[in-house]
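Q: I have a structure I would like to understand better, so I am pasting it below and will then ask my questions one at a time.
Rule-based calculations on the coordinates, nothing more; no lab input. The model shown is predicted, which means the values in this text are computed figures rather than measured ones. Cβ: placed from backbone, ideal geometry, glycine included. Neighbour counts: every protein chain shown.
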Amino acid sequence: MRMAAEEMAVFWVGTALFGIATLVFALLGRLGRSNKIFANSNFLVSFITTVSYTVMAMGIAITVAPNGQPIYWTRWLFYIASCGILTYEISVIVRKPSEEVFEVPFLTGMTMFCGFLASFLVGVERWWFFVFSSAAYVSLLYVLFCSRSRSAADSGRIMWFVSVTWSLFPLVWVLAPTGFNVFTTFVESILYLALDILTKIAFGLYAILRQTEENVTG
Amino acid sequence: MRMAAEEMAVFWVGTALFGIATLVFALLGRLGRSNKIFANSNFLVSFITTVSYTVMAMGIAITVAPNGQPIYWTRWLFYIASCGILTYEISVIVRKPSEEVFEVPFLTGMTMFCGFLASFLVGVERWWFFVFSSAAYVSLLYVLFCSRSRSAADSGRIMWFVSVTWSLFPLVWVLAPTGFNVFTTFVESILYLALDILTKIAFGLYAILRQTEENVTG
Amino acid sequence: MRMAAEEMAVFWVGTALFGIATLVFALLGRLGRSNKIFANSNFLVSFITTVSYTVMAMGIAITVAPNGQPIYWTRWLFYIASCGILTYEISVIVRKPSEEVFEVPFLTGMTMFCGFLASFLVGVERWWFFVFSSAAYVSLLYVLFCSRSRSAADSGRIMWFVSVTWSLFPLVWVLAPTGFNVFTTFVESILYLALDILTKIAFGLYAILRQTEENVTG
């Protein structure tokens, strides 16, 4: 396991950034009124992600790819909780009828759990779980896309943002040592951190601002 | 671990059958309107079961009974999710008042988690968890039976079907290498597959047909 | 691992006491009408705790502190489920607005999961997770305290009881071999058992009696 120290630095940066984001979302939830649900769920998402980065920074539970690169598979188990909250938040924003909403956290859980299995295993059989994870992810996008309400003007825009940024995660997975080994675990950890900031912190701030505005104009 | 290859063939058949069932339920959910909730939850149940059979087919995580027979304990952990959805579906069909419904997934989870512990352990202490699992299961049946609504004409019939077919799982457990070792893990895997098809695919199709009919006549 | 037999006796006492409590709460749920939700959730809490004590009594999964004392970390994973139900029950008693209630089980889960990591790890890095667990716990108390309804006359009293008794758990953790090693795992197991009886059985009986009275007078 060469270069473990390099990834660890990236993970500690993740801990610091998401730690700060946790405090910011906690404050926003106490200050505002209208945006409480979004601030509170983003607070939880950032908190869970902070713990996830700390676990990776300590290298507590990893497997090793055939070429010796370490694989930090715990990330995907924490995503079950954090992305489950996020996709629920997204389904509220795009105004999905509530009796169908129960599918969304289950499909998110399947996506992330199969992603965990695909990362934990290092043999060729891992691709089975990559396919299952992708199938769950495509179903999730289908459910969110098809049943979004036309009444929320920007629901299409939000769904495109979510679809594009979330789809970069499996792309990184395929190119990293978990997949075809095009780049190292160090590069992988930087790319995942950038995507985590985009889909969890930036998206969270947008969701809160949007809601505050809607309450002012609406 | 003799005969592992034989069970693995059974598990791959399970993957194939539940993979097909996943696609069929996904299609039924998109075609119909009235039966959407049932089709969607059966889609999830079949999807989870497909992943469960694949994990067993790869022999990823097993313990070995004193007589050398392998024990595939991961099955019971996947049942927490799949049977949790199924018992929720059943409680909707028999029209349980919603404020009590929260007990049902917890009792299902206890049944399956203690079933996992009973299967994972190979010493005599495993029977403690068999007793706990059975107690949770009896409580679950009691809750579903007692509070079913008389207004749903076939709720009694459904509850009898569920009680009989689900009770065959612990019977197989007791006779398999997990219990008294009357038959082999190979026979066990065939019996569980038959029960899975009955309680998950056949029951799922019945629930959807029933709902479609109710909407036509009602 | 000296003295393992002593703790095991304590754990078996825990199994017996919570086994009896499970039966009592099951009976109370069948007898009464008005207090059904509380009796049922306390039944589940006691049932989960019974299984937890049995797992510890068998010493199935433990780590060993640097001074040779065993650490029974499974306790904290079972608390995710049992205390999640308890904090939900508390939030119903203090009449929290329901759209915010979803935070409560997640913060309880974070408290207990980070408590598991802090107990599972034996190096100095475990204190990170003690801090995360404490942060989640303080947030949980804040959420329950701030949004309690004035209309429930005793909600303040209940919250003080909960705050004081629940806060003794991390105190025991800090003084036990998991923390600064002031007393042994045997003493720890007795203290946790006393706290479990106070926060789960005694509190549960109070919640049911209170509800029954409220229905008589109200």
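Q: Mind checking A:102-110 for the average number of partner chain beta-carbons within 10 Å of each residue's beta-carbon?
A: 4
Q: How large is log10 I(q)/I(0) at q = 0.12, 0.17 Å⁻¹ when the Debye formula is applied to the Cα atoms of segment B:55-174, each weighted equally and without solvent?
A: -0.47, -0.84
Q: Next question. If you average the sequence gap of Cα pairs under 8 Å that are 6 or more apart and divide by the length of chain C, what percent do you get for the contact order?
A: Contact order relative to length: 22 percent.
Q: In nm to one decimal, list the spacings between the C:Ile197 label point and its equivalents in the other copies, with label points set 7 Å along Cα to Cβ, shortest first.
A: Computed spacing set for this position: 5.4, 5.4 nm.
Q: Rank these for me by crowding, B:Val101, A:Val164, C:Val10, going from fewest to most other beta carbons within 10 Å.
A: Sorted ascending by nearby Cβ count, the order is A:Val164, B:Val101, C:Val10.
Q: Under the classification rounded if a/c is under 1.5, otherwise prolate if a/b is larger than b/c and oblate if not, where does the protein assembly as shown fall, given a ≥ b ≥ c as square roots of the Cα gyration tensor eigenvalues?
A: Cα axes put the protein assembly as shown in the rounded bin.
Q: List the distances, in nm and shortest first, from the label point of A:Arg95 to the matching label points in every other copy, placing each point 7 Å from Cα along the Cα-to-Cβ direction.
A: Spelled out, the distances from A:Arg95's label point are 3.3, 3.3 nm.
Q: If you take each beta carbon of peptide B:54-66 and count the beta carbons of other chains within 10 angstrom, what is the mean?
A: 2
Q: Under 16 Å Cα-Cα from A:Lys36, which aspartates and glutamates qualify once same-chain neighbours fewer than 8 residues away are excluded?
A: A:Glu89, A:Glu213, A:Glu214, C:Glu99, C:Glu100, C:Glu103
Q: I would also like to ask the following. In whole Å, how far is the Cα centre of segment B:24-73 from that of segment B:104-138?
A: 20
Q: Between C:Cys146 and C:Leu209, what FRET efficiency comes out of the Förster formula 1/(1 + (r/R0)^6) with R0 = 22 Å and r the beta carbon distance, rounded to 0.05?
A: The calculated FRET efficiency here is 0.25.
Q: Here's a follow-up. Suppose R0 equals 22 Å; then what is the FRET efficiency for A:Asp154 and A:Ala202 from their Cβ-Cβ distance, rounded to the nearest 0.05?
A: Computed FRET efficiency for A:Asp154 and A:Ala202 comes out at 0.90.
Q: For segment B:12-65, just run the numbers: alpha carbon Rg, then divide by 2.2 N^0.38 Å, N being how many residues it has.
A: Relative to the rule-of-thumb radius for its length, segment B:12-65 sits at 1.37.
Q: A further question follows. Please report, in whole Å³, the volume per residue of the convex hull around the C-alpha atoms of segment A:116-188.
A: It comes to 85 Å³ per residue, whole-number rounded.
Q: Quote the relative contact order of segment C:1-88 in percent (integer), defining contacts as alpha-carbon pairs under 8 Å separated by 6+ residues.
A: 33
Q: Further question: Test of understanding: ordering C:Tyr88, C:Tyr192 by Cβ neighbours within 10 Å, fewest first, what list do you get?
A: Neighbour counts put them in this order, fewest first: C:Tyr88, C:Tyr192.
Q: Would you grab the residues whose amide H sits under 5 Å from the one on A:Ile71? Only those 5+ places off in sequence or on another chain, please, with H modelled 1.01 Å from N.
A: It is A:Thr63, A:Val64, A:Ala65, by chain and number.
Q: Let me understand chain A better: what is its radius of gyration from the alpha carbons, and its Dmax, in angstrom?
A: Here Rg and the maximum Cα pair distance are 17.6, 57 Å.
Q: Is it possible to state the helix-based mean residue ellipticity at 222 nm for chain C, with each DSSP H run of 4+ residues giving -39500 (n - 2.57), the sum divided by total residues, to the nearest 500 deg cm²/dmol? What is it?
A: -24500 deg cm²/dmol
Q: Over all residues in C:80-88, what is the mean tally of Cβ atoms on other chains that come within 10 Å of each residue's Cβ?
A: Averaged over the peptide's residues, the number is 1.
Q: Quick check on the exposure proxy: order C:Phe130, B:Phe161 from fewest to most C-beta atoms within 10 angstrom.
A: Neighbour counts put them in this order, fewest first: B:Phe161, C:Phe130.
Q: Provide the per-residue ³J(HN,Hα) series for segment A:121-136, in order, calculated from phi with Karplus coefficients 6.51, -1.76, 1.60 and θ = phi - 60°, each as a whole number of Hz, with x at glycine and proline positions.
A: So the J values, rounded to whole Hz, are 7, 10, x, 5, 5, 4, 5, 3, 6, 4, 5, 4, 4, 5, 4, 5.
Q: Could you derive backbone 3J(HN,Hα) for segment A:44-51 from the dihedral phi with the Karplus parameters 6.51, -1.76 and 1.60 (θ = phi - 60°), listing whole Hz in sequence and x where the residue is Gly or Pro?
A: Once rounded to whole Hz, the list reads 4, 4, 5, 4, 4, 5, 4, 4.
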